[in-house]
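Data first, discussion second: the structure below is written as structure tokens.
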Amino acid sequence: MNVLLIGSGGREHALAWSISASPMLSKLYCAPGNPGIEAVAECVPLQPADADGLIAFAKEKAIDFAVIGPEAPLVAGLADRFEAAGIRALGPNAKGAILEGSKGFVKDLCDDFGLPTGRYRRFREAIRAKSFAATLGYPVVIKADGLAAGKGVIIAESRSDADMAIDSMFDGAFGAAGAEIVVEEYLDGEEASFFALTDGEHVLPLAGAQDHKRVFDGDKGPNTGGMGAYSPAPVLTPEVVDKTVERILKPTVRAMAERGRRYMGVLFAGLMIKDGEPKLIEFNCRFGDPETQVLVMRLKSDLLTALVAARDGVLDQIDLRWRDDAALTVVMAANGYPGAYEKGSEIRGLYEAQRLADVQIFHAGTARKEGKIVAAGGRVLNITATGKTVREAQHRAYAAADLIDWPQGFCRHDIGWRAIARDA
């Protein structure tokens, strides 16, 4: 089949890398793609927001199946557009994608259907938001309700921090995403990500991972879109996974159907786990980034077959197999990220790093300029490796990172520390 993958980041490179190995595949296109994706797909200069252009291209190339990587086009209804044009697409429609498009909607859903999560309230004015935050104690979590590229969450350690965060959101720090905010209880425990596919009725668990949101070693500094990840995550024991599927994922799929919002596609649950009990932090309506990079390295089964089964409503006929090996990815970001950063600096040593055994480099924010690979984003490279243990995968990933010559970039040096500490 002819497949069109939409997106240009590390997640999309990982998906393209995995999909390109499928025996079902005839031709893979990616819009717009990146220099790394060029090795496994034909990249086309169309942006995810250009629905008309994407539909026209899909018709011209007889696309059989579209895979929508980023959240923004899903929330905007791109899956609806493809389906209306007679092209099957993996991803929730706009009514389903509200699971990521509105954090307040998710919290209300949890409240209405008894899903485990923290206490919260929704606000459109600062005074009441500040007052409620004070009743929860500190730290407290302040979230922009809408999409904010993974950065619309502030953990306020004090009343002054909370008041400042609330004011900044209502003053437009996250644009329209912060017109409404959610103030919620800070959940103590260990955070993890768990992924599943759903066809609107059946839920097929994929695997879990643990990412590192803070920008600096030791989990210091501001939240980012993710500075690294590893899988499997020891905190996601079989018992925790079972509770997550039975108490959170399956009830959510049923609840969405009851509300006339049938949900099909990837269901990504951000969890906080304490004493073996998972609570929902938030949902995402697509694969995670950088978690996808480690998931595809561990998946033995054909990813494309599973994605098509989700779209066609036959997930109950699919069984996936996973490698026992661990996978770990280190994000190399531009100096200054998640704040202001410069673009255009040359990256050297990619070929040498890629040659190492059990290493795969996924491009996240790169461009090609005059035959050279240059930085073109905040998170730029995902150095990914496998090993029998997280420690071994970590060693291989950092060995590859050390071969990359890019003075204008940086990375954390402790990705995987929780899992490694468990083995110490």
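The values are calculated or read from the model by the stated rules, or taken from the named source; none is laboratory data. From a predicted model like this one, the values you see are computed outputs, not experimental measurements. As a convention, Cβ positions derive from the backbone with ideal geometry for all residues, glycine included, and neighbour counts pool all protein chains shown. SASA here: full protein model, heavy atoms, side chains in, ligands and nucleic acids out. Shrake-Rupley method; radii C 1.70, N 1.55, O 1.52, S 1.80 Å.
Residues to consider are GLU258, GLU246, GLU191; find the one that is under 19 Å from THR292 (Cα atoms), of a type in the set (Asp, Glu) and open to solvent by 50 Å² or more (accessible area, probe 1.4 Å).
Details: GLU258 fails: under 19 Å from THR292 (Cα atoms); GLU246 fails: under 19 Å from THR292 (Cα atoms).
From the options GLU258, GLU246, GLU191, the qualifying one is GLU191.
Open to solvent by less than 40 Å² (accessible area, probe 1.4 Å), among the polar types (S, T, N, Q) and either within 17 Å of SER102 (Cβ to Cβ) or assigned to a loop (DSSP other than H, G, I, E, B) (or both): is that true of THR252 in this structure?
Details: open to solvent by less than 40 Å² (accessible area, probe 1.4 Å): yes; among the polar types (S, T, N, Q): yes; either within 17 Å of SER102 (Cβ to Cβ) or assigned to a loop (DSSP other than H, G, I, E, B) (or both): yes.
Here the answer is yes, as THR252 does meet what is asked.
For (1) crowded, with 22+ Cβ neighbours inside 10 Å; (2) assigned to a helix (DSSP H, G or I); (3) among the hydrophobic types (A, V, I, L, M, F, W, C); (4) without any contact (Cβ under 8 Å) to a residue 40 or more places away in the chain, each residue gets a yes or a no:
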residue: ALA129; (1), (2), (3), (4): yes, yes, yes, no
residue: ALA134; (1), (2), (3), (4): no, yes, yes, yes
residue: GLY146; (1), (2), (3), (4): no, no, no, no
residue: ASP161; (1), (2), (3), (4): no, yes, no, yes
residue: MET164; (1), (2), (3), (4): no, yes, yes, yes
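Examine the stretch 26-42 for a residue that is assigned to a strand (DSSP E or B) and over 15 Å from ILE68 (Cβ atoms), and state whether such a residue exists.
We begin by selecting, within the stretch 26-42, every residue assigned to a strand (DSSP E or B); these are 27-32, 42.
This time we only want the ones that are over 15 Å from ILE68 (Cβ atoms), so: 27, 42.
Checked against the condition, which is being assigned to a strand (DSSP E or B) and over 15 Å from ILE68 (Cβ atoms), the stretch 26-42 yields at least one hit.
Any residue that is polar (S, T, N, Q), modelled with pLDDT of 95 or more and in contact with a helix residue (DSSP H, G or I) (Cβ under 8 Å, 6 or more places away or on another chain) - is there at least one of those in the stretch 88-99? Please lay out each step first, then the result.
Going residue by residue through the stretch 88-99, those that are polar (S, T, N, Q) are 93.
Restricting the remaining residues to those that are modelled with pLDDT of 95 or more gives 93.
Still in the running and in contact with a helix residue (DSSP H, G or I) (Cβ under 8 Å, 6 or more places away or on another chain): 93.
The answer is yes, given that some residue of the stretch 88-99 is polar (S, T, N, Q), modelled with pLDDT of 95 or more and in contact with a helix residue (DSSP H, G or I) (Cβ under 8 Å, 6 or more places away or on another chain).
Only one of ALA85, ALA94 is open to solvent by 30 Å² or more (accessible area, probe 1.4 Å) and within 30 Å of GLU185 (Cβ to Cβ). Can you tell me which? I'd like the intermediate steps shown before the answer.
On the way: ALA85 fails: within 30 Å of GLU185 (Cβ to Cβ).
Going through ALA85, ALA94 in turn, the sole match is ALA94.
State yes or no: is GLU246 more than 20 Å from GLN394 (Cα to Cα), free of Cβ contacts under 8 Å to residues at least 24 places away in the same chain, in a helix (DSSP H, G or I) and out of contact with any Pro (no Cβ under 6 Å at 6 or more places or on another chain)? Spell out how you get there, then give the answer.
Numbers: more than 20 Å from GLN394 (Cα to Cα): yes; free of Cβ contacts under 8 Å to residues at least 24 places away in the same chain: yes; in a helix (DSSP H, G or I): yes; out of contact with any Pro (no Cβ under 6 Å at 6 or more places or on another chain): yes.
So GLU246 fits the description; yes.
Take the conditions open to solvent by less than 30 Å² (accessible area, probe 1.4 Å) and touching a residue at least 12 places away in the same chain (Cβ under 8 Å) and apply them to GLY114. Does it pass?
It is false that GLY114 is open to solvent by less than 30 Å² (accessible area, probe 1.4 Å) and touching a residue at least 12 places away in the same chain (Cβ under 8 Å).
Looking at (1) part of a strand (DSSP E or B); (2) open to solvent by 10 Å² or more (accessible area, probe 1.4 Å); (3) touching a residue at least 40 places away in the same chain (Cβ under 8 Å); (4) farther than 23 Å from LEU320 by Cα, which is the only condition GLY221 fails?
The number of the failed condition is (3).
Which ones in the stretch 194-217 are open to solvent by 40 Å² or more (accessible area, probe 1.4 Å) and either at pLDDT 95 or above or polar (S, T, N, Q) (or both)?
Restricting attention to the stretch 194-217, the residues satisfying the condition of being open to solvent by 40 Å² or more (accessible area, probe 1.4 Å) are 201-202, 205, 213-214, 216-217.
Within the stretch 194-217, GLU201, HIS202, PRO205, PHE216, ASP217 meet the criteria.
Would you confirm whether or not the stretch 376-387 contains a residue that is farther than 23 Å from GLY7 by Cα and surrounded by fewer than 20 Cβ atoms within 10 Å (Cβ to Cβ)?
Yes, the stretch 376-387 has at least one match.
Are any residues in the stretch 326-353 assigned to a strand (DSSP E or B), over 19 Å from the mean Cα position of the chain (by Cα) and surrounded by 16 or more Cβ atoms within 10 Å (Cβ to Cβ), and if so, which ones?
To start, the set of residues in the stretch 326-353 that are assigned to a strand (DSSP E or B) comprises 326-334, 346, 348.
Among the residues that remain, those that are also over 19 Å from the mean Cα position of the chain (by Cα) are: 334, 346, 348.
Within the stretch 326-353, ALA334 is the sole residue that qualifies.
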